[in-house]
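Written below as structure tokens is the structure these notes are about.
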Amino acid sequence: MAQIPSFLRVLFGLLVLATSATVCFTLALLLLPSRLARIKLGNYYGKFIGGTVVWLSGAKPEIIHSERLNGSFPAIYIANHASSLDAFLSIWLCPVGGCGVMKKEIVKIPFFGWAYLLSGHLRIDRSKHAKAVAGMADMARVVKKHGLGIWIMPEGTRSLTGRLLPLKSGFVHMAIATGLPVVPVILHNVHHVWPLGGLRVTGGPIKIEVLAPIATGAWKAETASRHAEEVHAVMAAALSPEQRPLPVAVAA
């Protein structure tokens with residue numbers, strides 16, 4: 001795969017994405033009365049298109065403790081975010097029954113965004129706190145009702161350097177509302193395979209490390225920021241020095 005020019009791989013990927021998303025969109029229309037069925041349809045579609053894009057990128061993933069993905073289900077899976085490939089890795093890895101959480105702008109992406117719109121997975125408006133909270137509350141109700149999981153990248157945006165950013169506390173409130181454990185999924189070196197700034201993909205080995213579930217039964221909303229910082233420290237410790245946050249300078 002690495003021998004094929006990057007632009008040809010991207011072009012083929014776009015053709016597959018457009019075709020498969022159209023099929024998924026059509027099936028989602030037929031399943032419109034059942035949100036649960038549409039969520040699982042989105043999972044199967046994600047495994048297909050996610051795996052296809054990962055393969056086309058030339059990435060060679062090694063998954064450490066893959067048994068923890070399905071073995072801990074249902075859970076809230078959180079992953080770091082430093083590359084466009086992360087989203088495709090996430091939908092490929094996400095267990096069936098796991099709800100994705102993406103920015104509302106996802107619907108602006110032709111084909112893929114349209115399929116996501118009907119999938120039943122969550123879109124949140126991060127620019128408006130009240131709407132984001134309402135969206136999270138709605139997802140918590142759906143998750144508890146159907147025994148689902150959640151997959152989210154809680155940094156809130158892509159890291160420009162590959163280093164882990166602070167975590168937003170939304171996943172903490174979701175854990176409190178649902179009672180689910182948190183499972184960190186560490187994506188190592190993905191930003192080297194698909195660097196920022198364009199559609200150039202370089203391929204190469206990447207490591208995906210699924211950490212042990214973190215119990216959340218004792219978490220409280222009043223201390224949400226502290227819990228987010230504790231999970232952030234666990235993720236940072238698992239990353240290589242290149243992707244760990246830089247030490248915060250202490251003023252003299």
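Just so you know, all these numbers are worked out from the coordinates, no wet-lab data involved. Predicted model only: the values in this text are computed from it and were never measured. Positions of Cβ are generated from backbone atoms using ideal geometry, with glycine treated the same way; all protein chains shown enter the neighbour counts.
Ranked from largest, the principal axis spans of the Cα set of the chain equal 51, 48, 35 Å. Scanning the chain for DSSP H helices at least 20 Å long along the axis (C-alpha atoms) with a Kyte-Doolittle mean no lower than -0.5 picks out 6-30, 35-56, 129-146, 224-238. For the listed residue pairs K104/K207; K103/K144; K40/K104; K40/K144; K103/K220, the alpha carbons are over 27 angstrom apart in K104/K207.
Treating r as the C-beta distance of V234 and T26 and R0 as 45 Å, the FRET efficiency rounds to 0.60. Its Cα gyration tensor gives the range 48-127 an equivalent ellipsoid; the semi-axes, largest first and in whole Å, are 22, 17, 12.
On full extension, the segment bounded by R226 and W55 gains 57.7 nm, given 0.36 nm per residue less the C-alpha separation. Spatial offset of the range 65-97 relative to the range 152-226 amounts to 10 Å, using the alpha carbon center of each. Modelled this way, with points 7 Å down the Cα-to-C-beta line, the labels at A18 and T157 are 3.1 nm from one another.
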